[in-house]
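Before any comments, here is the structure.
The values are calculated or read from the model by the stated rules, or taken from the named source; none is laboratory data. For clarity, every value in this text was computed on a predicted model and none was experimentally measured. Note that each Cβ is placed from the backbone with ideal geometry, even for glycine, and that neighbours are counted across all protein chains shown. Calculation scope for accessible area: heavy atoms of the full protein, side chains included, ligands and nucleic acids excluded. Shrake-Rupley method; radii C 1.70, N 1.55, O 1.52, S 1.80 Å.
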Amino acid sequence: MGDKTQTHPGAAGRAVAADHPASLRNVVLVGHSGSGKTTLVEALALTAGAVNRAGRVEDGGTVSDHDEIEHRQQRSVQLSLVPLEWDGIKVNVLDTPGYADFVGELRAGLRAADAALFVVSASDGVDGSTRMVWEECAAVGMPRAIVVTHLEAARADFEEMTRVCAETFGGDDPDAVLPLYLPLHGRQGPDGHAPVTGLVGLLSQKLFDYSSGERKESEPGPEQLPDMTQARNRLIEGIIAESEDETLMDRYLGGEQVEVKTLVEDLERAVARGTFFPVLAAAPAAGGARQGIGTVELLELITRGFPTPFEHPTPGVTTIDGAPREIKPCDVDGPLVAEVVKTSSDPYVGRISLVRVFSGVLRPDQTVHVSGHGMTDRGHEDHDVDERVGALSMPFGKQQRPVPQAVAGDLVCVAKLTRAETGDTLSAKDDPLVMEPWRMPDPLLPLAIQAHSKADEDKLSQGLSRLVAEDPTMRLEQNQDTHQVVLWCLGEAHADVALERLRTRYGVQVDVVPHRVSLRETFAHRSAGRGRHVKQSGGHGQYAICEIEVEPLPGGSGIEFVDKVVGGAVPRQFIPSVEKGVRAQAAKGVASGHPLIDVRVTLLDGKAHSVDSSDAAFQTAGALALREAAADARIHLLEPVAEVSVLVGDDYVGAVMSDLSGRRGRVLGTEQTAGGRTVIRAEVPEIEIGRYAVDLRSLSHGTARFDRRYVRHEPMPAQVAERVREQARDS
């Protein structure tokens, strides 16, 4: 690592393929928006030789039809795959969006990868969301490395950034986060800024100069030796501390010189085990240079230090009946177990699925079993079907290059899987299996939509179903109370992309309308009403009179109907008719058009006619009686209340609690958790947290997250209720 100077010709003009898991590396790039991930991927591709005939980098992407959206939003919005080849190793580089709204794409990348490369800007530092992803990776033992970008920025300070990384990511062991290289600076300019022209290899003790556009190796000069020696000694001690040879540290401290070969081997083992996290540096190529600074070093780390798919445990697998199934990690000869990690549509070839093969071999035209997780709560179709696989391919820029097969450990694009959705399992049709799903964030920002025109209305249902099939972080709700179609998203940018996809991909134009919560009504006190429905207009007339009493019940009681008629004032056959009329009116509401709940309606008396009374007449009388009782009573408007749990850094606890109080929330308690965080539990009216997903992110600088669950309906304060009624009248 750090001793080679020869680049590999790569895979220019052909699909990169692997015939064995040992020659595969799957790495996901993680970092906040603007940290330089996509630029780094392009630099790696250029260095590895993945260029087109015009000499330009062929950018990767599984199914990239979102260029217009990404250009408009000035950020990546999707997971993309760039396959490279270096030193005979196929490297699947997964570039993830850095913006919090697209964390679902990040989670998919983490699922598909065996190691993570955290990209940190030298001028911007480490944000809270990146720190949280690091902790997620640590929890599952995923190997990680750090690359510091934007070294060309005037404010860039590599030494300070490595200190911040050690403090942020090292936890109790900051010496497990150390640089392998130091930046080599050129001559200082008039502005006092000295550009980075290369790297100093701490283990190899070599200079790697990129100033000519090619990587050239030389010996360090006397001006580099002091800093290099100090950093090298610390690096050696950090590597030896992770060595499996327990005698090595004593020997080193006793003055024994440790061979570089031994240090490199120990370093590679520690990185693959996820106990040592090297820091590297990278800068884009300047002046048309073929190699960006640090790209060769990164490719060496990935191919020699990151683990093969053999070292990635297979996620839990069961039969479709739920019985556990033991699957060896990355067993080429084992049963087929693969997973759809991303689904999208290409305007020319239709639906394309990005699939990670965990066991067995996937081949074109193979019939596989598709097992869905049945996420019907998010609007996803429940399915369990056989389907024929189409062509297999790897992305080469905007094109897809065919491949003959995908072995265990590899990633591949699969065409024409019409029923498979993101998160589904592909297995042999005679041995159907299901992989446990990965954890996905709950979408908590509601987007109420309606078709723009009749033509859009005809296409809306299909467009929405395809949208949620591709993105499991979206949830589709057909709200029966408010009669709204609601698309639940992770944030405003996520919602914008959803609308753009509907318009450009499925030809559906929609209008966004104010989201309504499911309000209810109830009686504040006991009241009575008389329903009189008497009409005579030739032939059979209509005659029904009933008298009722209404009283409030505790929350959650619903509508209770009691018959206390004596003496047959209302014939027995018409009592159910009165109840039916009462319940129908309750469903429509009695004051502001919201369903009536939590009352007892008692039928006390009434009158009937031997000829003109009927089922329909008594239904109408029951509804009239309930309306009259409501006219003489004070009606409470009930609002849904949610219990909210907010996980937030201790620095923001006060601000979050103050904000919840301003939303009419009642804090139930707090609980300290690991990592300097606190869980705040509160009950908050749902009408006050419609945009909480956006507001909390702003309040906590992206470091907090929350979940919510419905608790009950309770009376809305009079002034708020009046405001809601006014808004309803105006609309």
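Are there any pairs with C-beta distances below 7 angstrom linking a residue in segment 478-502 that is touching a residue at least 24 places away in the same chain (Cβ under 8 Å) and closer than 18 Å to Glu457 by Cβ to a residue that is part of a loop (DSSP other than H, G, I, E, B) and open to solvent by less than 10 Å² (accessible area, probe 1.4 Å), with the two at least 6 apart or on different chains, and if so which?
Short answer, once both residue conditions are applied: Leu487/Met474; Ala498/Met474; Leu502/Val508.
Select, from Leu235, Leu184, Leu199, the only residue that is within 18 Å of Val148 (Cα to Cα) and either modelled with pLDDT under 90 or open to solvent by 50 Å² or more (accessible area, probe 1.4 Å) (or both). Give the derivation first.
Numbers: Leu235 fails: either modelled with pLDDT under 90 or open to solvent by 50 Å² or more (accessible area, probe 1.4 Å) (or both); Leu199 fails: either modelled with pLDDT under 90 or open to solvent by 50 Å² or more (accessible area, probe 1.4 Å) (or both).
None of the others qualify; the one that does is Leu184.
Hey, can you tell me all the residues within segment 428-439 that are in contact with a Ser or Thr (Cβ under 7 Å, 6 or more places away or on another chain) and open to solvent by less than 40 Å² (accessible area, probe 1.4 Å)?
Filtering segment 428-439 for residues in contact with a Ser or Thr (Cβ under 7 Å, 6 or more places away or on another chain) gives 429, 432-435.
Correct list: Pro432, Leu433, Val434, Met435.
Quick grid of which residues meet (1) assigned to a helix (DSSP H, G or I); (2) open to solvent by 70 Å² or more (accessible area, probe 1.4 Å); (3) in contact with a His (Cβ under 6 Å, 6 or more places away or on another chain); (4) under 29 Å from Glu167 (Cα atoms):
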residue	(1), (2), (3), (4)
Val641	no, no, no, no
Leu647	no, no, no, yes
Met657	yes, no, no, yes
Glu671	no, yes, no, yes
Ile680	no, no, no, yes
Gly702	no, no, no, yes
Arg725	yes, no, no, no
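On the given criteria, is Ala617 open to solvent by 20 Å² or more (accessible area, probe 1.4 Å) and within 29 Å of Gln536 (Cβ to Cβ)?
Working: open to solvent by 20 Å² or more (accessible area, probe 1.4 Å): no; within 29 Å of Gln536 (Cβ to Cβ): yes.
Here the answer is no, as Ala617 does not meet what is asked.
Which residue pairs have Cβ atoms under 7 Å apart, sit 6 or more places apart or on different chains, and have a first residue in segment 627-653 that is closer than 22 Å to Ala674 by Cα and a second that is open to solvent by less than 20 Å² (accessible area, probe 1.4 Å) and of a type in the set (Ser, Thr, Tyr)?
Val648/Thr678; Val648/Ser700; Gly649/Ser700; Asp650/Thr678; Tyr652/Ser700; Val653/Thr678
Please go through segment 18-65 and give me each residue that is over 29 Å from the mean Cα position of the chain (by Cα), open to solvent by 50 Å² or more (accessible area, probe 1.4 Å) and at pLDDT 50 or above, ordered by number.
If the condition is that a residue be over 29 Å from the mean Cα position of the chain (by Cα), open to solvent by 50 Å² or more (accessible area, probe 1.4 Å) and at pLDDT 50 or above, then Asp19, His20 are the ones that fit.
Residues are listed down the side, and each one gets a yes or a no for (1) of a type in the set (Ser, Thr, Tyr); (2) surrounded by fewer than 15 Cβ atoms within 10 Å (Cβ to Cβ); (3) modelled with pLDDT of 85 or more:
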site	(1), (2), (3)
Met375	no, no, no
Glu381	no, yes, no
Ala391	no, no, yes
Pro402	no, yes, yes
Asp410	no, no, yes
Leu417	no, no, yes
Glu421	no, no, yes
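Go over the candidates Glu492, Glu521, Glu549 one by one and state the one that is buried (at least 21 other Cβ atoms within 10 Å of the Cβ), within 30 Å of Met716 (Cβ to Cβ) and of a type in the set (Asp, Glu).
Details: Glu492 fails: buried (at least 21 other Cβ atoms within 10 Å of the Cβ); Glu549 fails: buried (at least 21 other Cβ atoms within 10 Å of the Cβ).
Just a single option satisfies the conditions, and that option is Glu521.
Evaluate the following for Val349: is it at pLDDT 90 or above and of a type in the set (Val, Ile, Thr)?
On the way: at pLDDT 90 or above: no; of a type in the set (Val, Ile, Thr): yes.
When the stated conditions are applied, Val349 does not pass them.
Mind checking which residues of segment 215-227 are open to solvent by less than 60 Å² (accessible area, probe 1.4 Å) and either at pLDDT 90 or above or among the hydroxyl-bearing types (Ser, Thr, Tyr) (or both)?
So in segment 215-227, the residues open to solvent by less than 60 Å² (accessible area, probe 1.4 Å) come out as 215, 218, 220-221, 224.
Passing the criteria: only Ser218.
Which residues, counting only those in segment 350-367, are part of a strand (DSSP E or B), without any contact (Cβ under 8 Å) to a residue 60 or more places away in the chain and touching a Gly at 6+ places or on another chain (Cβ under 9 Å)? Working first, answer last.
Step one: of segment 350-367, the residues part of a strand (DSSP E or B) are 350-359, 361-362, 367.
From the residues that got through so far, the ones that are without any contact (Cβ under 8 Å) to a residue 60 or more places away in the chain too are 357, 359, 361.
The answer is Val357, Ser359.
Keeping to segment 388-427, report how many residues are assigned to a strand (DSSP E or B) and farther than 12 Å from Leu81 by Cβ.
Taking segment 388-427 first, the residues assigned to a strand (DSSP E or B) are 388, 392-396, 399-402, 406-407, 411-415, 425-427.
Next, from what is left, pick out any that are farther than 12 Å from Leu81 by Cβ: 388, 392, 399, 401-402, 406-407, 414-415, 425-427.
Residues that pass the stated criteria total 12.
Could you pull out every one of the strands (runs of 3 or more DSSP E) wholly within segment 73-125 that has 3 or more residues that are open to solvent by 30 Å² or more (accessible area, probe 1.4 Å)?
Values: elements: 80-86, 89-95, 115-121.
Answer list for segment 73-125: none.
Name the single residue, out of those in segment 459-475 being at pLDDT 90 or above and surrounded by fewer than 18 Cβ atoms within 10 Å (Cβ to Cβ), that is farthest from the chain's Cα centre (by Cα).
Out of the qualifying residues, it is Lys459.
On the basis of being closer than 16 Å to Ile548 by Cα, in contact with a Phe, Trp or Tyr (Cβ under 9 Å, 6 or more places away or on another chain) and either crowded, with 24+ Cβ neighbours inside 10 Å or among the hydrophobic types (A, V, I, L, M, F, W, C) (or both), does Val611 make the cut?
Numbers: closer than 16 Å to Ile548 by Cα: no; in contact with a Phe, Trp or Tyr (Cβ under 9 Å, 6 or more places away or on another chain): yes; either crowded, with 24+ Cβ neighbours inside 10 Å or among the hydrophobic types (A, V, I, L, M, F, W, C) (or both): yes.
Against the criterion (closer than 16 Å to Ile548 by Cα, in contact with a Phe, Trp or Tyr (Cβ under 9 Å, 6 or more places away or on another chain) and either crowded, with 24+ Cβ neighbours inside 10 Å or among the hydrophobic types (A, V, I, L, M, F, W, C) (or both)), Val611 does not qualify.
From Glu159, Glu246, grab the single residue that is surrounded by fewer than 20 Cβ atoms within 10 Å (Cβ to Cβ), outside any helix (DSSP H, G or I) and free of Cβ contacts under 8 Å to residues at least 40 places away in the same chain. It would help to see each step written out before you state the result.
Working: Glu159 fails: outside any helix (DSSP H, G or I).
Going through Glu159, Glu246 in turn, just one is surrounded by fewer than 20 Cβ atoms within 10 Å (Cβ to Cβ), outside any helix (DSSP H, G or I) and free of Cβ contacts under 8 Å to residues at least 40 places away in the same chain: Glu246.
Looking at segment 552-577 only, could you name the residues that are among the charged types (D, E, K, R) and surrounded by 12 or more Cβ atoms within 10 Å (Cβ to Cβ)? Steps first, answer last, please.
Residues of segment 552-577 that are among the charged types (D, E, K, R), as a first pass: 560, 563-564, 572.
Within segment 552-577, Glu560, Asp563 qualify.
Filter segment 206-235 down to the residues that are touching a helix residue (DSSP H, G or I) at 6+ places or on another chain (Cβ under 8 Å) and either in a helix (DSSP H, G or I) or among the aromatic types (Phe, Trp, Tyr) (or both) and list them by number. Reasoning before the result, please.
Within segment 206-235, the first condition is being touching a helix residue (DSSP H, G or I) at 6+ places or on another chain (Cβ under 8 Å), and the residues that meet it are 208, 215, 220, 234.
Of everything in segment 206-235, those that are touching a helix residue (DSSP H, G or I) at 6+ places or on another chain (Cβ under 8 Å) and either in a helix (DSSP H, G or I) or among the aromatic types (Phe, Trp, Tyr) (or both) turn out to be Phe208, Arg234.
Residue by residue, here is whether (1) surrounded by 19 or more Cβ atoms within 10 Å (Cβ to Cβ); (2) modelled with pLDDT of 90 or more; (3) β-branched (Val, Ile, Thr); (4) in contact with a Pro (Cβ under 7 Å, 6 or more places away or on another chain) holds:
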{"residue": "Lys342", "(1), (2), (3), (4)": "yes, yes, no, no"}
{"residue": "Ser345", "(1), (2), (3), (4)": "no, no, no, no"}
{"residue": "Gly360", "(1), (2), (3), (4)": "yes, yes, no, yes"}
{"residue": "Asp386", "(1), (2), (3), (4)": "no, yes, no, no"}
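Give, as residue ranges, the strands (runs of 3 or more DSSP E) completely inside segment 453-541 that count at least 2 residues that are touching a helix residue (DSSP H, G or I) at 6+ places or on another chain (Cβ under 9 Å) and within 30 Å of Asp615 (Cβ to Cβ).
Values: elements: 475-479, 484-489, 510-513, 520-523, 527-535.
Of the strands (runs of 3 or more DSSP E) lying wholly inside segment 453-541, those with at least 2 residues that are touching a helix residue (DSSP H, G or I) at 6+ places or on another chain (Cβ under 9 Å) and within 30 Å of Asp615 (Cβ to Cβ) span 520-523, 527-535.
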